[in-house]
1. For LYS120, state whether it is at pLDDT 95 or above, among the charged types (D, E, K, R) and on the phi < 0 side of the Ramachandran plot.
2. So the check is Cβ under 9 Å with 6+ separation or different chains; which pairs have a first residue in region 1-22 that's on the phi < 0 side of the Ramachandran plot and surrounded by 21 or more Cβ atoms within 10 Å (Cβ to Cβ) and a second one that's in a loop (DSSP other than H, G, I, E, B) and of a type in the set (Phe, Trp, Tyr)?
3. Select, from HIS102, HIS67, the only residue that is under 26 Å from ILE210 (Cβ atoms), touching an Asp or Glu at 6+ places or on another chain (Cβ under 7 Å), buried (at least 19 other Cβ atoms within 10 Å of the Cβ) and not acidic (Asp, Glu).
4. Out of the helices (runs of 4 or more DSSP H) lying entirely within region 33-97, which hold 1 or more residues that are charged (D, E, K, R), at pLDDT 95 or above and within 21 Å of ILE4 (Cα to Cα)?
5. I'm trying to understand the selection: among the residues of region 179-202, which are in a strand (DSSP E or B), modelled with pLDDT of 95 or more and not aliphatic (A, V, I, L, M)?
6. Can you tell me how many residues in region 249-264 are of a type in the set (Lys, Arg) and surrounded by 17 or more Cβ atoms within 10 Å (Cβ to Cβ)?
7. Every residue in region 190-216 that is closer than 22 Å to TYR282 by Cα and among the hydroxyl-bearing types (Ser, Thr, Tyr), please.
8. Give ALA206, ALA228 a once-over and let me know the one that is among the hydrophobic types (A, V, I, L, M, F, W, C), at positive phi, surrounded by 21 or more Cβ atoms within 10 Å (Cβ to Cβ) and modelled with pLDDT of 95 or more.
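The values are calculated or read from the model by the stated rules, or taken from the named source; none is laboratory data. These figures come from a predicted structure and were not determined experimentally. Please note: Cβ atoms are built from the backbone with ideal geometry, for glycine as well, and neighbour counts cover all protein chains shown.
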Amino acid sequence: MLTITVLIENETRFDTLACEHGLSLLLACEGKTLLFDTGASNAFLRNADAMGADLGAVSVIVLSHGHHDHTGGLGQALRRFAHNAGLSGACPCSSMPEVIAHPDILLHRRRAATEKDPGKYLGVPAPALALLQNWPLRLLKKPLRLTKNLIYLGEIPRKYPKTQALLGEIARDGVYETDRILDDTALAYVHGQGEDSALTVVAGCAHSGIINTIEHAKAVTGVRRIHAVLGGLHLKDASEALKKRTLRYFAEQDIKMLRGCHCTGSALDGAARQQALHAGDYLEIA
């Protein structure tokens, strides 16, 4: 079974919980607890405390990509893990939760610069980058099996180029270029066996395009049937043509559960089996 607790999201149904433009999910699967993204600030930590979520059980932190609204709380999270273990945040922390992400999370990214505007910084906050220098960190472009049935998808091929959401610039070897957000990734959970097996895809922001993300999950796992698609689907500012294409694709896949949030916007309104996710929500996927 996979359980998902929404620690932070753009909205919440509960007066006792914070919300912000960001995303953080707590996943538990096959005896392992994972943190997927860390929101835009330490608000996800406050929500976790208010909800009684056990962050002490976290053994892996997966970053969907290096944007600040998904990594803004990373520094505070790492300091908390180190403090709870009785360690200094600046020391080597081999016993701390491993951070798994694409290598591009470490690169400098900004909004497109102009003559009057140098471009707002969009990447992982500097304090978190400093802590990562001495933290167990695995940078991967290839997929990785986190548990028997939960897979980190790695770099996602852009088979359908018009389905990706680009934003700003990224520095490679000191030269800024259009940021294709190649570090954007997701998780795939396989449930059932044989002909009855199906996939749940958990996306952070789906800058790669949610269609590309799902197709890559199929290719990595060999499972063709899609049970659920959850998370940020980056359809908020998509063209009407792309929204229609995505909804048509979802219908063709006969997806049983659609739970969009964060950057999804209203694109899924009226779609079959759609229900929004908000901070404080809890899901069980058998």
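1. Details: at pLDDT 95 or above: no; among the charged types (D, E, K, R): yes; on the phi < 0 side of the Ramachandran plot: yes.
Spelling it out, it is not the case that LYS120 is at pLDDT 95 or above, among the charged types (D, E, K, R) and on the phi < 0 side of the Ramachandran plot.
2. The qualifying pairs do not exist here.
3. Numbers: HIS67 fails: touching an Asp or Glu at 6+ places or on another chain (Cβ under 7 Å).
Step by step, each of HIS102, HIS67 is checked, and only HIS102 is under 26 Å from ILE210 (Cβ atoms), touching an Asp or Glu at 6+ places or on another chain (Cβ under 7 Å), buried (at least 19 other Cβ atoms within 10 Å of the Cβ) and not acidic (Asp, Glu).
4. Numbers: elements: 43-51, 68-71, 74-84.
Because the criterion is at least 1 residues that are charged (D, E, K, R), at pLDDT 95 or above and within 21 Å of ILE4 (Cα to Cα), the helices (runs of 4 or more DSSP H) in region 33-97 that meet it are 43-51, 68-71.
5. Pass one, region 179-202, residues in a strand (DSSP E or B): 186-191, 198-202.
Going one step further and asking which of them are modelled with pLDDT of 95 or more, we end up with 186-190, 198-202.
Once the filter is applied, which keeps residues that are in a strand (DSSP E or B), modelled with pLDDT of 95 or more and not aliphatic (A, V, I, L, M), region 179-202 yields TYR189, THR200.
6. Residues of region 249-264 of a type in the set (Lys, Arg): 256, 259.
Filter again for surrounded by 17 or more Cβ atoms within 10 Å (Cβ to Cβ), leaving 259.
Going through region 249-264 one residue at a time, the tally reaches 1.
7. THR200
8. Numbers: ALA228 fails: at positive phi.
Selected residue: ALA206, the only one of ALA206, ALA228 that is among the hydrophobic types (A, V, I, L, M, F, W, C), at positive phi, surrounded by 21 or more Cβ atoms within 10 Å (Cβ to Cβ) and modelled with pLDDT of 95 or more.
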